[in-house]
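One structure below.
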Amino acid sequence: MTGVEPFLEYHFHTFFDVNDSEQVSYAIKLRNEIIANCVSKRIIAIPLHYHYDPENPVQEHNSDTAGLNMQPVGPHPMGSFETWVPVEYFAKLYEWFLQKRGRLTIFVHPLTRHELADHTERIVFMGKPFPLRTDVLREEIPNFESQYKYLNLGYAKPKNEEK
């Protein structure tokens with residue numbers, strides 16, 4: 001397949017109803033399990049606002065909902081948290097969410113410079129799909145780069161390691 005841009009990084013958005021205390025508690029539990037898996041290096045997947053530092057992987061949070069969007073943010077129509085994963089760990093995280101998501105919806109999309117297409121044409125919902133606010137998305141992101149360059153994964157993977 002020539003001319004096809006590879007997808008090297010993804011976002012998994014966990015959606016939850018902020019007025020449903022069971023869903024909020026479960027979202028917190030999932031976020032904490034993702035962090036524990038990342039710290040143990042079973043999965044490299046980093047929740048938004050959890051700035052993973054391999055030298056100091058444990059971080060203090062000032063509340064249980066730290067890193068959770070407790071209102072709609074960007075194109076996302078409800079409470080959510082975002083998890084970044086490089087392609088090298090995509091299958092592990094996808095399988096993990098299939099097993100663990102409970103009744104929460106997980107919205108999955110690749111990360112490329114084509115933000116609008118990534119959120120409309122290249123998507124998967126695990127669970128109930130929800131309409132997104134696409135008016136806040138750009139067609140193309142200038143100067144697009146890996147979110148976690150220092151991990152040397154995804155778009156930041158050294159070129160000599162590519163097949």
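Of note:
- Euclidean distance of C-alpha centroids, the range 30-49 and the range 74-131, integer Å: 15 Å
- Given the chain, longest segment not containing exposed loop chymotrypsin sites (Phe, Trp or Tyr not before Pro) (DSSP; at most 16 other Cβ within 10 Å): 8-143
- You can think of it this way: the chain between E33 and E5 has 6.9 nm of extra reach, that is 0.36 nm per residue less the Cα-Cα gap.
- Taking the accessible area of the range 73-138, probe 1.4 Å, and keeping the other protein chains in place, the carbon and sulfur fraction comes to 53%.
- Fraction in percent of alpha-carbon pairs per bin - 10 Å, the chain: 10, 39, 37, 13, 1
- Highest average packing first - 131-138, 108-115, 35-42, Cβ atoms within 10 Å: 108-115, 35-42, 131-138
- Its DSSP H runs of at least 4 residues, each contributing -39,500 (n - 2.57), put the calculated 222 nm mean residue ellipticity of the chain at -7500 deg cm²/dmol, to the nearest 500.
- Spin-label pair K92-I141: with each label point 7 Å from Cα along the Cα-Cβ axis, the two points sit 2.3 nm from one another.
- Using the Cβ-Cβ distance between F130 and S40 with R0 set to 30 Å, the FRET efficiency works out to roughly 0.40.
- Within straight-line reach of K157, meaning a Cα separation under 25 Å, sit the following lysines at least 8 residues removed in sequence or on another chain: K41, K92, K149.
- Between M70 and N152, the simple spin-label model (points 7 angstrom out along Cα→Cβ) gives 4.0 nm.
- Relative contact order, whole percent, for the chain stands at 28, derived from Cα pairs under 8 Å and 6 or more residues apart.
- The chain - accessible surface per residue (Å², probe 1.4 Å): 56 Å²
The values are calculated or read from the model by the stated rules, or taken from the named source; none is laboratory data. These numbers come from a predicted model, not from an experiment. Cβ sites come from the backbone with ideal geometry, for glycine too, and all protein chains shown count toward neighbours. Just so you know, the surface numbers come from the protein's heavy atoms only, side chains and all, with ligands and any DNA or RNA stripped out. Shrake-Rupley method; radii C 1.70, N 1.55, O 1.52, S 1.80 Å.
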